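Visitor: Please find one structure pasted underneath; my questions will follow.
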Amino acid sequence: MTYNIGVAGCGVAGLAAAILLREAGHDIVVYDKMEAPEPVGSGLVLQETGLAVLSYIGLSEAIYTYGNKINRLYGKSRGRAVLDVSYTALHPGAHGLAIHRASLFQVLFDAAQKLDVKFEFGKALHSVNEGEMYFAAGQKSPHFDLVIDACGVRSPLTETKDTVLPFGALWGTLDWTEKYNALDENTLEQRYVSAKKMAGILPIGKMPGSKAQKATFFWSLKHDDYGKWQKAGLTTWKDEVAKLWPESAPFLSQIKDSNQLVMAKYAHHTLKRVYTNNVVHIGDSWHAASPQLGQGANMALLDSLALALAIAKTRDIETALSLFQKTRSYHVRLYQILAHVFTPIYQSDSTVLPYLRDVFVPPIAQVWPFPKLMALMVAGKMGRPFKRLDL
């Protein structure tokens, strides 16, 4: 049986769902409030979970054309390594793939276009009623058998009140310069001052239309302090970062204007019920969290595959949505709990938690089975999500 399906949101979750469902023969229309197709955000790491979904779709070659392999996560506080996760603890050759959202978006968008997925831009979703999508400008869509809410953390279709986290981050895309660069191109590196300050550099490979290797630079910052940061000026801030992390100098030198850094806010919520009246929420619309474990895009990809498989296995929408929620709920709850636990250890005003981190993590992290457990958590494989998908 095939369905007419409307997708709200042209991000990772929406595009992946559109591709998978279109490949299954369904008629798909994707709506988004942006006037033209373009990504929002900076760098991310595709973990083994997300990479497996992209491989299932047939996009591995395209993704690896852009991305950069990450073999290790490494962070220091007060001169000591307090984060040291090697993917090879999972199996030889294990890795993440760092990539810019623009590159991931381009690969997914191109694939959707090749499948003749229809797109409607400049349509800001307001509500859904009886299978019809209503937009802010007063327009409405045709009737759909199913509406997929992939609008993200601020979806108008969710009634949850986001728990906005006090700490966000400044993000910027810079050149990965080999000159005077002491950093490893296959490592995500971070530096901390307690849990109040964090700097990170992630080598993310290439972006569409460019042959240059890029890096994402990020700096932890309370969003209430963003105005103070702007007022203090770049020089003051760059001096602070350079003092914390002298090796970041080749990247700091590229930042000439505060507009090169975008302030991102984060929120935490999980819907108790993922579907109602043939409307289903996926990705951040269902489960938003801080980026500490780097699972946002990967969880969105898993949601999209699980939804497509559930629809393929059942004979009606209601049963499919129930199966989808059952399939994904455990993994989602597990990682929401983990994100909630780990966020204050790396981003908070706490002095006790980062102190305990700095004292106990270095010795514990070297003792079996913790290296593998940490790698499993980072790779998104705790909870065995693919076994639950019967893959």
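Visitor: Provide the net charge surrounding ILE28, with neighbours chosen by a C-beta distance below 14 Å and charges set as Lys +1, Arg +1, Asp -1, Glu -1.
Guide: -3
Visitor: Round to the nearest 10 and give me the degree value, 0 to 90, for the angle of helix 352-364's Cα axis relative to the longest principal axis of the chain.
Guide: Taking the Cα atoms of the chain, the angle to 352-364 is about 80 degrees.
Visitor: Can you give the charge dipole size of region 227-326 about its Cα centre, rounded to the nearest 20 debye, using +1 on the beta carbon of Lys and Arg and -1 on the beta carbon of Asp and Glu?
Guide: For region 227-326, the charge dipole is close to 200 debye.
Visitor: Let me ask something additional. Starting from the Kirkwood radius over alpha-carbon pairs of region 127-195, derive D by Stokes-Einstein at 37 °C in a medium of 0.692 mPa s and give it in µm² s⁻¹.
Guide: For these conditions, the coefficient is 188 µm²/s.
Visitor: Enumerate the amide H contacts of GLY168 below 5 Å, restricted to partners 5 or more residues apart or on another chain; note that Pro and chain-start residues carry no placed amide H.
Guide: Here the answer is LEU221, LYS222, HIS223, since their amide H atoms fall under 5 Å of that of GLY168.
Visitor: Excluding THR351 itself, calculate the net charge of residues whose Cβ lies under 14 Å from the Cβ of THR351, where each Lys or Arg counts +1 and each Asp or Glu counts -1.
Guide: Neighbour charge sum, excluding THR351 itself: +2.
Visitor: Okay, next question. Could you give the C-alpha radius of gyration of region 106-223 expressed as a fraction of 2.2 N^0.38 Å, taking N as the number of residues it contains?
Guide: For region 106-223, the normalised Cα radius of gyration comes out at 1.52.
Visitor: Here is a follow-up. Could you compute the net charge surrounding LEU389? Neighbours are other residues with a C-beta less than 15 Å from the C-beta of LEU389; K and R count +1, D and E count -1.
Guide: +4
Visitor: If each of THR65 and LYS243 carries a label point 7 Å out from its Cα toward its Cβ, how far apart are those two points in nm?
Guide: Once both label points are built, they end up 4.7 nm from each other.
Visitor: Please list the three semi-axes, largest first and in whole Å, of the ellipsoid equivalent to region 205-307, using sqrt of 5 times the eigenvalues of its alpha carbon gyration tensor.
Guide: Gyration-tensor ellipsoid for region 205-307: 35, 19, 12 Å.
Visitor: Average the reciprocal distances over every distinct pair of alpha-carbons in region 1-59, invert the result, and give the Kirkwood radius in Å.
Guide: Over region 1-59, the inverse of the mean reciprocal pair distance is 12.8 Å.
Visitor: 222 nm [θ] for the chain, helices only, -39500 (n - 2.57) per DSSP H run of 4+, per residue, to 500?
Guide: Value at 222 nm, helices only: -11000 deg cm²/dmol.
Visitor: How large is the Kirkwood hydrodynamic radius of region 238-391, in angstrom, based on all distinct alpha carbon pairs?
Guide: 18.4
Visitor: Taking the Cα centre of the chain as origin, sum charge times position over the Cβ atoms of Lys and Arg (+1) and Asp and Glu (-1), and report the length of that vector in debye to the nearest 20.
Guide: 1020
Visitor: Specify, per residue and in Å³, the volume enclosed by the convex hull of the alpha carbon atoms belonging to region 86-138.
Guide: It is 191 Å³ per residue.
Visitor: May I pose another question? At a Förster distance of 41 Å, what's the computed FRET efficiency of ALA232 paired with THR351, Cβ-Cβ distance as r, to 0.05?
Guide: E between ALA232 and THR351, to the nearest 0.05, is 0.95.
Visitor: Rounded to two decimals, what ratio of Rg to Rh does region 23-162 give with C-alpha atoms and a Kirkwood Rh?
Guide: Expressed as Rg/Rh, it is 1.07.
Visitor: For helix 101-114, what angle does its Cα long axis make with the longest principal axis of the chain, in degrees from 0 to 90 and rounded to 10?
Guide: Once rounded, the angle reads 20 degrees.
Visitor: When the expected Rg is taken as 2.2 N^0.38 Å, what fraction or multiple of it is the alpha-carbon Rg of the chain?
Guide: Computed over Cα atoms of the chain, the ratio equals 0.98.
Visitor: Roughly what angle does helix 48-57 make with the longest principal axis of the chain, taking Cα atoms, 0 to 90 degrees, to the nearest 10?
Guide: That helix lies at roughly 40 degrees to the long axis.
Visitor: Return the FRET efficiency for the residue pair ARG154, ASN4: r is the Cβ-Cβ distance, R0 is 30 Å, and the value is rounded to the nearest 0.05.
Guide: Efficiency at R0 = 30 Å is approximately 0.70.
Coordinate-derived values only; no laboratory data. Small disclaimer: the values here were computed from a predicted structure and weren't measured. When we count neighbours, we look across all protein chains shown, and the Cβ atoms used for this are built from the backbone with ideal geometry, even at glycine.
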